[in-house]
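The values are calculated or read from the model by the stated rules, or taken from the named source; none is laboratory data. Everything numeric here is computed off the predicted structure, so don't read it as measured data. Virtual Cβ from ideal backbone geometry, glycine too; neighbours counted across all protein chains shown. Accessible surface is based on the protein model in full, side chains and every heavy atom, while ligands, DNA and RNA are left aside. Shrake-Rupley method; radii C 1.70, N 1.55, O 1.52, S 1.80 Å.
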Amino acid sequence: MAERAALEELVRLQGERVRGLKQQKAGAEQIEEEVAKLLKLKAQLGPDEGKHKFVLKTPKGTRDYSPRQMAVREKVFDTIISCFKRHGAEVIDTPVFELKDFDIAGQFDPMIPDAECLKIICEILHSLQIGDFLVKVNDRRILDGMFAVCGVPDSKFRTICSSVDKLDKVSWEEVKNEMVGEKGLAPEVADHIGDYVQQHGGVSLVEQLLQDPKLSANKQALEGLGDLKLLFEYLTLFGIADKISFDLSLARGLDYYTGVIYEAVLLQTPAQAGEEPLGVGSVAAGGRYDGLVGMFDPKGRKVPCVGLSIGVERIFSIVEQRLEALEEKVRTTETQVLVASAQKKLLEERLKLVSELWDAGIKAELLYKKNPKLLNQLQYCEETGIPLVAIIGEQELKDGVIKLRSVARREEVDVRREDLVKEIKRRTSQPLCIC
């Protein structure tokens, strides 16, 4: 290494000497002599591997997406966005590092927006067909009231809340050990919390806790339970109550939540009959945060707000894995028709026809070869999922028709050129699916 470094330095110095002589306009013989010395040194140095090579890397935290992956992503985004718009959402774009925010107009029964957010989550997950799911709900007021009646000091509410939030990943014994051993909570207080947070159910559990003498005596908990009971009434009207579970272990660590909180998880089929389905990860979450906007209002006005987020990256990974497991073919384009030729020297005619189709709003393409074989053009359609082929031949040009072929059925019909656009639109009127 030291020997090479010394040689590189000699090359650098000799190169500077050659440049200096050229700037001084020295004699040609002298310059040639010094250039020959430089070339001799470079030859001794040998090829400099790695130099002048560009290494392309994706930035940390990002990834490249293939056409197949982008087709899946677009389908996921289209499903999510169309669902929001179906519920009257407006789209805004902000300069923060997020793709979209959606503002859902909903006033002013406070539980209706929460119920609608849960409905949206259920619609999105059902539409994506990524498996069985469950939406867990709770209320931060119930949590705080529960901690109070169990004897948790006010100063430990948030830290104990973060421990409870781990119950979907670890056992109650592990959570209790953390509360007692690491956070200094009295064992009997932890046991009281355990009696509550291991419960989950539907509206019947809400009604049961409303009869709990300690919990119902706490103002915060009573308000939260009352709102949850109303929420379940709306969820029943929306037809999704069976997808919602009141789960007292759901804590959602963010401090700005002020009321109902929710989290959607995909369920894994149990290994043994009689076992409960297991959650395999959160794919959506949200809640109420009535105090957040007021933090940025000079007058500190309270603005009722609900929000939800969809775990797009996790959903995308799940959809991609499912497609690979099923070996499903994914369309990477939305091309409706390929313009093909049956004989040679028809490139100009193909270009004219494809332009006519583009101008009419038809998604069309053609192979770029001058004289592609008809078989190759048909195979391209089968490989890429293009449903129709518009075939031009010498006889078709004489007769003023285009031969329109259905790739799937392998049937051909002659269509008058002036009727071609109408016929293609008729045949492709159903929305195209990517898979």
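The table below lists the values:
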read-out: Counted residues, the range 324-346 - those being surrounded by 16 or more Cβ atoms within 10 Å (Cβ to Cβ) and either charged (D, E, K, R) or farther than 16 Å from Glu382 by Cα (or both); value: 3
read-out: Residue match in the range 74-87 (condition: modelled with pLDDT of 85 or more and over 30 Å from Arg288 (Cβ atoms)); value: yes
read-out: When residues of the range 59-73 are limited to those that are closer than 27 Å to Lys329 by Cα and either outside any helix (DSSP H, G or I) or open to solvent by 100 Å² or more (accessible area, probe 1.4 Å) (or both), the one modelled with the highest pLDDT; value: Ser66
read-out: Failed condition for Glu3, given (1) surrounded by 10 or more Cβ atoms within 10 Å (Cβ to Cβ); (2) at pLDDT below 85; (3) of a type in the set (Asp, Glu); (4) over 52 Å from the mean Cα position of the chain (by Cα); value: (1)
read-out: Which numbered condition Glu383 fails, given (1) open to solvent by less than 70 Å² (accessible area, probe 1.4 Å); (2) within 31 Å of the chain's Cα centre (by Cα); value: (1)
read-out: Positions within the range 405-425 being free of Cβ contacts under 8 Å to residues at least 24 places away in the same chain and assigned to a strand (DSSP E or B), in sequence order; value: Ser406, Glu411, Glu412, Val413, Asp414, Val415, Arg416
read-out: Single unsatisfied condition, Glu123 versus (1) within 30 Å of Val76 (Cβ to Cβ); (2) more than 33 Å from the chain's Cα centre (by Cα); value: (2)
read-out: Residues of the range 76-92 satisfying the condition of being under 17 Å from Gly311 (Cβ atoms) and in contact with a helix residue (DSSP H, G or I) (Cβ under 8 Å, 6 or more places away or on another chain); value: Val76, Phe77, Thr79, Ile80, Cys83, Phe84
read-out: Filter pass, Leu351 being outside the structural domain of Arg417 (by the TED database) and open to solvent by 30 Å² or more (accessible area, probe 1.4 Å); value: no
